[in-house]
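Since the structure comes first, as structure tokens, the remarks are kept for the end.
Just so you know, all these numbers are worked out from the coordinates, no wet-lab data involved. Since the model is a prediction, treat every value here as computed from it, not as a measurement. Positions of Cβ are backbone-derived with ideal geometry, glycine not excepted, and every protein chain shown enters the neighbour counts.
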Amino acid sequence: MPRPFIVGNWKMHKTLSEARDLAITVRDGLSTSSDIDVALAPPFTVIGSLHEVLKGSSVSLAAQTMHEAAKGAFTGEISPLMLKDVGCTYVILGHSERRHIFGETDQAVMKKARAALDHALIPILCVGETLQERETSRTFDVVDRQTEHALRHVTPEEASRSVLAYEPVWAIGTGRTASPEQAQEVHTFLRKAVARSHGDSVARVIRILYGGSVKPDNAASLIAEPDVDGALVGGACLDAPSFLAIVAACRP
Ligand code: PEP
């Protein structure tokens, strides 16, 4: 069984002082036992500062997106080299807001996943269907296509260290969570897809997180599902007590 993994996606929230306060409260609120992995994905502007705050703690840093090139004339973009340099361990790729607001394609996620691994960053690869896709029975086709692209140029060994996040678009920031059964159904499907593409041993260990309105009161029932290995948390991670309560609910 993979170790549970909880990631807080801060999105475009928190100034430097607010970010430091939140990170310190999360850091100090976590017990030192190593039965669960926790990462924070703050905005780019505060990553370097939070690296200082979190140094020596059990909390890792993730970025929310990146460009695939190491450097170059890409105004406004951030490279994997830069993320590694300021202390990131993980990078979220293909988040639905990147896909649906900023037009990020499956091809782009494919290139970024390769680039992340080339720079020793662990990709957290987001997949998920829109409400319309769910209502027209296309959920499995969509997540299959997104996962296949994301892992296309990833070796089995790299895939076993990578993270998938199933985030139904209709559940993100809406307060409408997938039921534990709905999450488990898609997670099982994804694990089987990984088994086909990268082998059974990879499918057994790859971590598949659920994201979409995870809150302290629904986290335990989601993580109780056998194929749900953790959570990607948006809104509820902006408040330290609620994020810490989610982590506590997901401890094995
Ligand atoms: C997310 O942004 O990845 C997310 C799951 O957001 P929320 O928890 O607010 O639905």
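Give me Rg/Rg_expected for region 5-249, where Rg uses Cα atoms only and Rg_expected = 2.2 N^0.38 Å with N residues.
Its radius of gyration relative to the 2.2 N^0.38 Å reference: 0.94.
Taken one residue at a time, the phi angles of region 161-178 give Karplus couplings (6.51, -1.76, 1.60, θ = phi - 60°) of 9, 7, 10, 9, 10, 8, 10, x, 4, 5, 9, 8, x, 9, x, 9, 8, 5 Hz. Gly and Pro are set to x. For VAL86, no residue 5 or more places off, or on another chain, has a built amide H under 5 Å of its own. Under 5 Å between amide hydrogens, built in the peptide plane, is the criterion, and for ALA165 it picks out LEU125, CYS126, VAL127, LEU209 among residues at least 5 positions away or on other chains. The relative contact order of region 128-175, computed from alpha carbon pairs under 8 Å that lie at least 6 residues apart in sequence, is 57 percent. Note on the chain: helix-only mean residue ellipticity at 222 nm, from DSSP H runs of 4+ residues weighted -39500 (n - 2.57) and normalised by residue number, equals -13500 deg cm²/dmol. Close amide H partners of GLN64, meaning residues 5 or more places away or on another chain with modelled amide H under 5 Å apart, are ILE92. When the listed pairs LYS55/LYS192; LYS14/LYS112; LYS71/LYS192 are checked against a 32 Å cut-off, the alpha-carbon distance exceeds it for LYS55/LYS192; LYS71/LYS192. Legend: calculated FRET efficiency, MET12 to ARG204, from the Cβ-Cβ distance at R0 = 25 Å, rounded to 0.05, equals 0.10. Full extension of the segment from ARG3 to GLU52, taken as 0.36 nm per residue of separation minus the current Cα-Cα distance, would add 15.1 nm. With contacts taken as Cα pairs under 8 Å and at least 6 residues apart, the chain reaches a relative contact order of 21 percent.
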